[in-house]
Structures are given as C-alpha cells and as structure tokens.
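Participant: Can you read through this structure? Questions will come right after.
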Amino acid sequence: MRNPTLILSVIGMIFTAGSASAEKRVAFVVGNGAYKNVAPLPNPSVDAKAMAATLRNVGFEVVEGSNLTRDKMTERLLDFGKKAQGADVALFFYAGHGIAISGTNYLLPIDADIKSEMDVKLGAAINIDLTLEQTMGDAKVKLVFLDACRDNPFAAKIKSNSATRSVNVQTGLAEMKSGEGTLIAFATGPGQTALDGQEGSNSPFTRALLANLTQPGVEIQQAMTKVRAQVNEETSKGQLPWGHTNLIGSVYLNGAPAPGAVAAATPAAGASKASDVELEFWRSIKDSNKPEELNAYLTSYPNGQFRSLALSRIASLESGPKPDATRNLSTGIDPATFKEEANQTTEDQIGLDKGQRRDVQRRLTGLGFDTKVTGQFDPATRGVITRWQAARGYPKSGYLNRLQHKALLSEIVAAAPTASSDEERPAKRRANSSGGQQQAQPQPQPQRQYQSNPGPDPAGAGRFIGGVVGGMLR
C-alpha cells in the first residue's frame, strides 16, 4: 500500500506546483551596501543576489538591484509597482541601511547624505510605509522582509542639527503594523540592531530566510518560526527576528502539502539510506569555494534538503571574492578546536595580559564581531566571544582556551589592529603631561568617515518622488 500512496502524493505535489506556477508572483529585491557618505556594508548585495535567485526558482518575477542611488531605486520601485498590480503574491526584500525618525522607517539609497530631519522628509531617504502602500497595495498577499535593522549612520548629524526641537532618532527600525493579507518581518526586534555577518557571506537573517522560506510544503508562518529559531541559535540569543502578520489564509512559496503527503512522510528503509547519502554528500561540499561542486549536489538532488543553501552559496561565490581569494576558515585548524570546551580555567592558562586582551577584542571587531577595545573581558565581550565561537563551530562558552586563541590569531582580519582604545588614551595624556613640554598627540580618527560632497539636492528629491507617487496614484 505504501507505493500507491507515494505515487498519489507525487502526482498531487506536481499538480500543486503547477497551480503555484500559474500564480502571478512578483518580488522587489535590493541590497545597498556601497554607501558614499558613510561606512559601506559588505554583505547586502550578496544577500540580494542570493535571495533573487531563490525566489526566481519558485516562480517569482524579480525586480532586482544592488547599490542603487535614490533615482535608480525609485525607478526600480516604479517598475515593481506596475508589475505587482493584481499579483497573487508580492514580496519586498531589502538589505542595507535603514533609519527610524519619530516612529517612521526609511530606507537609504547609497547616495544619501542626511544632515537633518528635513533632508529625510524632503526625499533623501525612502519612506517604507508609503513605498509599500503604493507598490504592493493591490496584491492579494504581501510579504515584506527588512534586513535593515542596523545602527543609524546619520544619527549624530541629525541630532546636532535639530538642537532647537525634539527629534526622536531611533536605534534600528521602529515597529510596523501589517494590514490585511500582509506579513512583515524584521531581522531583529524594534529599536534593536542586527548583525551584518562575516564579509562575503550572508547576514544571519538572510541566511535563515534562504534556508527556510522556500522549503517544499512549508507554510510561510511555519517557515518564519524556523527562521527565528535559526537566527537565535546562530547568534547565541543575541538577535531574534521580529514580525507582524495579518495573513488571512495559508501561504506556501513552494507548493502546499498534497493529499496523503503526511502518510507518505514516513520513509521506507531505502529512503532513510538515501537521506543519509545526501547528508554525507552535502557535508563534503557545503564549505566548498567551487561552484561546480555545489552544482554537482543540485544535479544529484534537484529537490534536496539543502537546495536553498546550495543556491545561496553559489550566489555568494559568484558575487563575492573569487575562490582563490576566499579563505577557508577551517583550513589548518586543529580538529580538537571543534571539541575541546573552554572555561575560566583554560583561559587563565593562556595567561593573557591586558594588551593581549585588547588584541583579542580588536581581532574580533576586525572579523565583524564588534566589541569595545578595553582590555577587560566584560559580559559584553563574553557575548561577542560566544558569537564568534558559534560562527566557527567551536564549543560555545564565552571563554577561550589555547586552541581557540591560536585559531583566532590565525584568522585574517579586515584591517590591521590599531593601537587606540579608551583605556590607552588617558595613558598617552599622562605621558605627555609628565614631560611638561610635549603636546598632546592627535588621536586616531575612526574608520567611518563622512565625505564633504553635498550629495543629492533634497528639494529635488522631494519633487522627484512627489511626481512618482502622484503618477502611481493616478
């Protein structure tokens, strides 16, 4: 009886997939990282490319873009709005900088140069609420994913130029409510900031979306539960995606379960062995820097369990550094590093002095695990060490042992460690004052620089976007 049931299930799934492909599905996918007036973000364009490939694979027509100026971003939004009219499913994905001012969220084009709240309101940034209303309002199902919950890079400027009035400049993005038939998902909770991930890879939130959003037969809200769990685990509970949903029916991006699929879900003995073979195949190539090896997995298992991850990895390799420039972090690492636990005792055995602790903090920051360089391993630093351990697959404890410390020293950081820290500056001042004749040495400037070019004309931006919105409303 098992084989007839399986055959009926397969036929049902084919029928379901055919119905899904008949739906009108349109997606807007943009990643902005090459900012001109603030520090760039390394991964949004990688995130967008991987997401676009994943969505096209399940029948979406994708309006895609990377590193867009305000005018180019508006052009893409106009195109998306036209194509999304009457869509069964409209999906909006954005990775990059976003800001919240007085409870309203905005997305930042790469040429944004915001000095005041007025710049924002005159069109230097993209109002998310207005954008979603104008582009997706006519779709039956609206799915919104915002991987933009990072620190506001213009916060200091906006506050300093608004001294005469109260302006609420928030960290991360503000809470948003969804209308009927809408799901909104943020990389982390309102007012919190999200991790960008290691350079050249996907952010934790996008990586979880790619792994779960288009799993066959998984309903969208079940997928988002898995996304939250994966991000929470990967970041050692440092980041928890947040969302608001007002969907009025079940939504499947890769086929609803066919009748009898539950009965067929119990595998035969042969199916279990096949799954083990697939798992072993995936383990052997999951960290590969060669697209041909990942494509070999897709050829062998076109509907495999790790299909979305393979597509994401291929997209990351094609848009990121070349294979010969990408360092495999596990190469040359003692296998015992992945097994030996670390605790206070093992860390004491290393004998790190204050300077060496500062070196650890600088290296973690250079690898994308931001922490203050103080020479003290406070609870915040312990949390950062835990996230680094989780990302590398080492036992998580927040403490180091000799093997983990050696592995950290072997990693290539984004920039050479600097010698500046809050602890070192008073020492420099004391040294200068003791001599009586020496002048205070200039302190190293932060890496994040603001360029002096005036950028786009905010008034012109207002007129441009006003015309866009007016045209869409007519």
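Participant: Residues of region 278-290 being within 18 Å of N202 (Cα to Cα) and surrounded by fewer than 16 Cβ atoms within 10 Å (Cβ to Cβ), which ones?
Facilitator: Residues satisfying the conditions are K286, D287, K290.
Participant: Being surrounded by fewer than 20 Cβ atoms within 10 Å (Cβ to Cβ), under 23 Å from the mean Cα position of the chain (by Cα) and not hydrophobic (A, V, I, L, M, F, W, C) is the filter here; which residues of region 364-388 pass it?
Facilitator: T365, G366, G368, D370, K372, R382, G383
Participant: While we're on this one: Could you go through region 44-53 and let me know if any residue there is within 19 Å of the chain's Cα centre (by Cα) and surrounded by fewer than 21 Cβ atoms within 10 Å (Cβ to Cβ).
Facilitator: Initially, region 44-53 is screened for residues within 19 Å of the chain's Cα centre (by Cα), giving 44-53.
Narrowing the set further to residues that are surrounded by fewer than 21 Cβ atoms within 10 Å (Cβ to Cβ) leaves 53.
Checked against the condition, which is being within 19 Å of the chain's Cα centre (by Cα) and surrounded by fewer than 21 Cβ atoms within 10 Å (Cβ to Cβ), region 44-53 yields at least one hit.
Participant: Pick from region 81-107 the residues that are of a type in the set (G, A, S) and buried (at least 19 other Cβ atoms within 10 Å of the Cβ): which of them is nearest to the chain's Cα centre (by Cα)? Walk me through it before giving the result.
Facilitator: First, the residues of region 81-107 that are of a type in the set (G, A, S): 81, 84, 86-87, 90, 95-96, 98, 100, 102-103.
Narrowing further to those that are buried (at least 19 other Cβ atoms within 10 Å of the Cβ): 81, 84, 87, 90, 95-96, 98, 100.
On the way: G81: 24, A84: 25, A87: 26, A90: 20, A95: 7, G96: 8, G98: 12, A100: 18 Å.
Checked region 81-107; the qualifying residue nearest to the chain's Cα centre (by Cα) is A95.
Participant: Taking region 112-138 on its own, how many of its residues are at pLDDT 90 or above, crowded, with 20+ Cβ neighbours inside 10 Å and in contact with a Ser or Thr (Cβ under 9 Å, 6 or more places away or on another chain)?
Facilitator: So the count comes out to 4.
Participant: All but one of (1) farther than 25 Å from A315 by Cα; (2) at pLDDT 90 or above hold for A34, so report the exception by its number.
Facilitator: A34 satisfies every listed condition except (1).
Participant: Which is modelled with pLDDT of 75 or more and open to solvent by less than 50 Å² (accessible area, probe 1.4 Å), of A258, A310? Even if it seems obvious, please write down each step before you answer.
Facilitator: Details: A258 fails: modelled with pLDDT of 75 or more.
Unique residue meeting the criteria: A310.
Participant: Let me ask something additional. Condition test on R387, is it out of contact with any helix residue (DSSP H, G or I) (no Cβ under 8 Å at 6 or more places or on another chain), part of a helix (DSSP H, G or I) and within 25 Å of A208 (Cβ to Cβ)?
Facilitator: Values: out of contact with any helix residue (DSSP H, G or I) (no Cβ under 8 Å at 6 or more places or on another chain): yes; part of a helix (DSSP H, G or I): yes; within 25 Å of A208 (Cβ to Cβ): yes.
Answer is yes for this residue.
Participant: Could you tell me whether P204 is at pLDDT 90 or above, open to solvent by less than 20 Å² (accessible area, probe 1.4 Å) and farther than 24 Å from N127 by Cβ?
Facilitator: Values: at pLDDT 90 or above: yes; open to solvent by less than 20 Å² (accessible area, probe 1.4 Å): yes; farther than 24 Å from N127 by Cβ: yes.
Judged against the criteria, P204 is a match.
The values are calculated or read from the model by the stated rules, or taken from the named source; none is laboratory data. Because the structure is a prediction, the values reported are computed rather than measured. Heads up, the Cβs are rebuilt from the backbone with ideal geometry, glycines too, and the neighbour counts pull from every protein chain shown. With ligands, DNA and RNA removed, areas are computed over all heavy atoms of the protein, side chains included. Shrake-Rupley method; radii C 1.70, N 1.55, O 1.52, S 1.80 Å.
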